[in-house]
Amino acid sequence: MTELGPRLLARDRSAVAPALNLVDDRRPAARREAAVLLAELEAKIGRGGAPRIGLTGAPGAGKSTLLDALVRRRRAVDETVGVIAVDPSSRRTGGALLGDRIRVRSGAGDPGVFIRSMAARDQLGGLAEATRAGVLVLSAAFDWVLVETVGVGQSEGEVADLVDTLVFVAQPGAGDLLQFMKAGILELPDVFVVNKADVGAAAERTRRELEAGLGLGERDAKWTPPVLAVSARDGIGIDALDDTLAAHRRALGAEGLAARRSRGRDAAVRAGLVARYGSFGLEALGGTEALERRLAAAPGEPGFALLETLGNEIRAALGDRAAGS
Amino acid sequence: MTEPARRERDRPWVFRTYSGHSSAEASNALYRTNLAKGQTGLSVAFDLPTQTGYDADHPLARGEVGKVGVPIGHLDDMEALFREIPLDQMNTSMTINATAAWLLALYVATGERQGVAPAQLRGTTQNDLIKEYLSRGTYVFPPEPSMRLISDMVAYTVHDIPKWNPINVCSYHLQEAGATPVQEIAYAMANAIAVLDAVRARDDVPEDVIPDVFGRMSFFLNAGIRFVEEICKGRAMTEMWDEIGRERYGVQDPKLRRFRYGVQVNSLGLTEAQPENNAIRIVLEALGVTFSKNARCRALQLPAWNEALGLPRPWDQQWSLRTQQILAFETDLLEYEDLFEGSHVVEAKVEELKKAAQEELDRVLGMGGAVAAVENAYMKQRLVESHTRRLRSIESGDLTVVGVNAYTETEPSPLVEGANAILKVDESAEREQIGRLDAFRARRNPTEVDAALQGLRDALANGQNVMPPSIRAAHAGVTTGEWADTLRKLFGEYRAPTGVVAREAQVTDEANEKVRARVRAVGATLGRPLKILVGKPGLDGHSNGAEQIAVKARDVGMEVVYDGIRLTPSEIVQSARDEGVHVIGLSILSGSHQILVMDVLEGLRSEGLEIPVIVGGIIPEDDAEKLRQHGVERVYTPKDFDLTRIMSEIVDVVGERHARD
Ligand code: B12
Ligand SMILES: Nc1nc2c(ncn2[C@@H]2O[C@H](COP(=O)(O)OP(=O)(O)O)[C@@H](O)[C@H]2O)c(=O)[nH]1
Ligand SMILES: [Mg+2]
């Protein structure tokens, strides 16, 4: 048992920042401690904990503003919210500007809101691993977890695996939509939002276009992703969005949620192993098929624990030559 | 030798000094002395609580009351400010924006109490919110209601106070935030167009009044040290404005198309090192806006030689006023027709500026105009970039600043001996102002106040003009905080984009690479990349320093959290903890560093957080010493222009702290 685990599960807010610092810490001792903490949390709340909602979309679509509106909604009924905002503009050489909180005013000074911004550090699997650990920590300590990421075409898959409900935020004007449709991104989100509905007719046009575009794709029979028009700025349509999020959760059900979380776990283990040991390491384990068999054989096992076990095996197989950094 | 023939002299511009501090009474005394010294107009500096709509006893006003300007909380204050200054004979410029409608209402009510009708009032309310989002930072409401308040004031004054300039479109502040001349021109024009279009869209302003509205638009420009270019900039704006009037708004009367502007010369380039050199910079900058008869400023304010040290004393301001008087009355400047007409060199430069500015203006109009380009951060980002380039060229030596990065050897200056080369506002000012506020509140009739506030609310909700109910509220005894709170509830509050995106390429010289390597190394010992919070506590809107520190920190590889201006110390503490930063850098230029830094340190202590704190801004040396004694690790002031070195020292601080743990 770690010291932080029980405190997080008891919703001790003062344990959250240290826990996030720990899971981000790359020194070997910290990594060992973090692995224990994460496995512990995952065992407890891997299938439960706070609902996890992702907001993705192009820069400027209004994700932060919408996030702020959703946070206010939750706070109004006295529910706490943990937020992770992933910075889009991090540089190869390190360095990031994390100023996205500027429009998230609901949290300022309110202990019921916790915001951590993270740099997409441009390491393989970087977004998924750091963010996934953060999401887990937050979903232990808060009622809701919101994750803001910039959708630039490749990261949606990763975010979709991190959250229970993925919301795609678009703005009026179909330019970016066409692009996303081409990239096949529109298959992933569970809810579509056309923000800035306050601009008038253009928003409704985009909403209809998007709805029509979605009709063409193959989808799960239980849930047809709705397309909502909202104005994050003026607070219009936020109630409907909130209801939709709840409806999606209901439609998902316990089974759907479990499937989703386990899909997320598998994706994280795959990405984590590749990030740490490369495809070379994966070969040492017996290749991709072997990994898939191992995943399928341990359905209840926390991903972070599995990552450790498999990592140890790889290290042993490689004679510790490629020890994790 | 015979006396040269005296030519007929042009009328001089209006001489102003931007001033106000402590209390209405103290400022009134200062104004009367200044007028006696030959100043010909008043320019009122308000304190930050007044500018952002808080009463003196509001928690956010703590430490700021009467500091950088005069506190005006209610009608009694306004009356005291103009005691024995008859408003029908005065030309008053008020640097007031978010609360402009309210201060104009108080001014009108004061006039009425003096027996002066609104129609006789002359002056200017700055009332330019776009540049507040871009530079000045005393905005309160979101852009849409802000534009509505501006256009309300235009619509009101054009009927009721025809000699009032309801808005002064400012490019001054853009240059102070790093703008190039082309950006200054383009964004000022975009801004004016946004206001005019908003007024034109109103039902209560008939189309045939638009030329008059156009004629009431005035500008407030900057003039930097590259004074030949500044001469050309003034001429370029004069021509562009004329064209906009004719082509976009169909203004036939050339008199109404005249580009009328006042000036405060550049302060950003005034230095802390060898501050006496600033006196010469100021003269040269004043030439830039007075040289051309065809594009001469209407009013001029000069900063003081000790600008970068702190607030000017009456003597410092007098020196600046005398500078203007020598220029106007001793030299032969005003005896000649336009000196540059027919100059190929000047004309070519004017054309070049106009062309580039037109391109940038078209770009902004193409995205939907100035309001859209505020909201999508386009203009702000361009300003931050320009400022980054400016600071880089000072650091590299490409831009010479005498006494700073060249010719730095100096004799001790007799002007700055001791710590008394600046004005120190008495700490009792705040307490006394709160005392007056309490007494005022006790005296007024609460039923009348409630009725007046209800009237204001109703009028605003029904889309009626803000001015009449505000004037009634002024008479009824409403306070600045009450007026602003009413609007805050209705309109909401806004936080403007920080513009800090750092698209400029990294500097890759040896010094920077070295710091970058050290940042990486310390990150490795910390276990994760060095993360810094750049914080702006209090009402202070000076964001340049914080922005550039943020950009630079990111440039050398740090993870930077910067959330913009106007955060409370406890918000900063919470942010530092939640974000898991390794160091906090506070930037404070408003003079309230003592209280704000102590609050942050206290907050960290009570949270059990051991995060090192660094402070930068306008911090007099004896204050800096006090801060260090209380545990602040480093203090930086404007003379520390070498940002790479600052970054290196931040790495030292983090490294030392980590080693101790
Ligand atoms: C530019 C400027 C403005 C611009 C600000 C634009 C912007 N967005 O920042 C404008 C025109 C808007 C402005 C307005 C006002 N200003 Co002004 N302004 C200045 C000026 C000329 C330069 C400041 C500056 O930006 N320098 C460039 C930056 C890069 O330097 P810097 O901030 O000093 O930062 C350097 C160091 O200090 C240090 N540093 C600073 N912060 C940090 C933080 C960290 C973490 C680190 C490591 C280092 C560091 O590193 C930087 C690199 O060298 C100064 C005088 C001067 N010459 O210094 C007056 C000055 C600061 N202003 C002053 C005043 C009074 C005002 C007003 C309040 C006036 C009024 N009554 O309305 C207004 C309102 C502003 C507001 N909302 O708060 C006074 C403050 C007086 C005092 N402290 O007692 C000054 C000193 C002028 C004076 N002598 O009267 N101003
Ligand atoms: N008109 C309008 N503007 C909005 C709305 N939501 C956000 N914005 C603006 O869009 C810009 C980008 O918003 P932001 O939340 O930062 O977008 P993000 O980059 O997706 O996080 C800002 O200027 C917001 O003020 C909305 O509902 N209506
Ligand atoms: Mg955002």
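If each residue of separation counts as 0.36 nm, what is the full-extension length gain between residue B:660 and residue B:85 once their alpha-carbon separation is subtracted? Walk me through the intermediate numbers first.
On the way: separation 575, 0.36 × 575 = 207.00 nm, distance 6.21 nm.
Gain on extension, residue B:660 to residue B:85, equals 200.8 nm.
Report, for chain B, the % of DSSP beta bridges that are antiparallel, rounded to 5. Intermediate results must be reported in sequence, preceding the final value.
Values: 0 of 42 bridges.
So the antiparallel bridges in chain B amount to around 0 percent.
In percent, what relative contact order does the range B:22-396 have, based on Cα pairs under 8 Å that are 6 or more apart in sequence?
Working: 589 pairs, mean separation 53.1, N = 375.
Rounded, it is 14 percent for the range B:22-396.
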Subject >> Stokes-Einstein D in µm²/s, Kirkwood radius over Cα pairs - the range A:262-324 at 10 °C with 1.306 mPa s viscosity >> reply: 139
**OP:** Starting from the Cα gyration tensor of the range A:1-62, take the square roots of the eigenvalues, sort them a ≥ b ≥ c, and report rounded, prolate or oblate (rounded when a/c is under 1.5, otherwise prolate if a/b is larger than b/c, else oblate).
**Re:** prolate
Subject >> Residue (of B:306, A:166, A:284) at the positive-pole extreme of the protein assembly as shown, dipole from beta-carbon charges >> reply: A:284
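Just how large is the dipole of the range B:42-124 about the Cα centre, in debye to the nearest 20, putting +1 at every Lys and Arg Cβ and -1 at every Asp and Glu Cβ? The partial results should precede the final answer.
On the way: 5 positive and 10 negative charges, 43 e Å.
It comes to approximately 200 debye.
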Original post:
To the nearest 10 Å², what's residue B:355's accessible area with a 1.4 Å probe?
Top reply: 130
**OP:** For the range B:16-73, state what percent of all Cα-Cα pairs lands in each successive 10 Å bin, counting from 0 Å until the bin that includes the largest distance.
**Re:** 27, 47, 20, 5
Subject >> Inter-chain shielding of A:246-256 (mean C-beta neighbours from other protein chains, 10 Å cut-off) >> reply: 0
Original post:
In the range B:510-660, if every C-alpha pair distance is counted and binned at 10 Å from zero, what percent goes to each bin?
Top reply: 12, 45, 37, 7, 0
Subject >> Nearest-20 debye value, the protein assembly as shown charge dipole, Cβ charges on Lys, Arg, Asp, Glu >> reply: 1160
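If B:359, A:158, B:341, A:42 are ordered by their accessible area, calculated over protein heavy atoms with a 1.4 Å probe, which sequence runs from highest to lowest? Please report the intermediate quantities before stating the final value.
On the way: B:359 95, A:158 65, B:341 130, A:42 20 Å².
So, going from the largest accessible area down, we get B:341, B:359, A:158, A:42.
Taking 0.36 nm per residue of sequence separation and subtracting the Cα-Cα distance, how much length would be gained by fully extending the chain between residue B:114 and residue B:506, in nm to one decimal?
135.1 nm
Leaving out ligands, DNA and RNA, calculate the buried accessible area for the pair A and B with a 1.4 Å probe, summed over both sides, in Å² to the nearest 100. Spell out each step's value before the answer.
Details: alone 14890 and 26560 Å², together 38600 Å².
In total, this chain pair buries about 2900 Å².
How crowded by other chains is B:561-574, given as the mean number of beta carbons from other chains within 10 Å of each beta carbon? Each step should come with its number before you reach the end.
Working: counts 10, 5, 11, 4, 1, 0, 3, 2, 0, 2, 6, 2, 1, 9.
Counting Cβ atoms of other protein chains within 10 Å of each residue's Cβ and averaging gives 4.
How do B:117-129, A:299-311, B:323-335 rank on mean C-beta neighbours within 10 Å, highest first?
On the way: B:117-129: 21.8, A:299-311: 19.3, B:323-335: 15.4.
Most protected by this proxy first, the peptides run B:117-129, A:299-311, B:323-335.
At 10 °C and a viscosity of 1.306 mPa s, what translational diffusion coefficient does Stokes-Einstein give for the protein assembly as shown, taking Rh as the Kirkwood radius over Cα pairs? Give it in µm²/s as a whole number. Each step should come with its number before you reach the end.
Working: Rh = 30.4 Å.
Translational D for this selection: 52 µm²/s.
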**OP:** Can you give me the three principal axis dimensions of the range B:22-396 from its C-alpha atoms, in Å, biggest first?
**Re:** 55, 55, 43
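Quantify how much of the Cα-Cα distance distribution of chain B extends past 47 Å, in percent. Numbers along the way, then the final one.
Working: 31075 of 218130 pairs.
Value for chain B: 14 percent of Cα pairs lie more than 47 Å apart.
The values are calculated or read from the model by the stated rules, or taken from the named source; none is laboratory data. These figures come from a predicted structure and were not determined experimentally. Glycine also receives a Cβ, built like all others from the backbone with ideal geometry; neighbour counts cover every protein chain displayed. All accessible areas refer to the heavy atoms of the entire protein, side chains included, with ligands and DNA or RNA removed. Shrake-Rupley method; radii C 1.70, N 1.55, O 1.52, S 1.80 Å.
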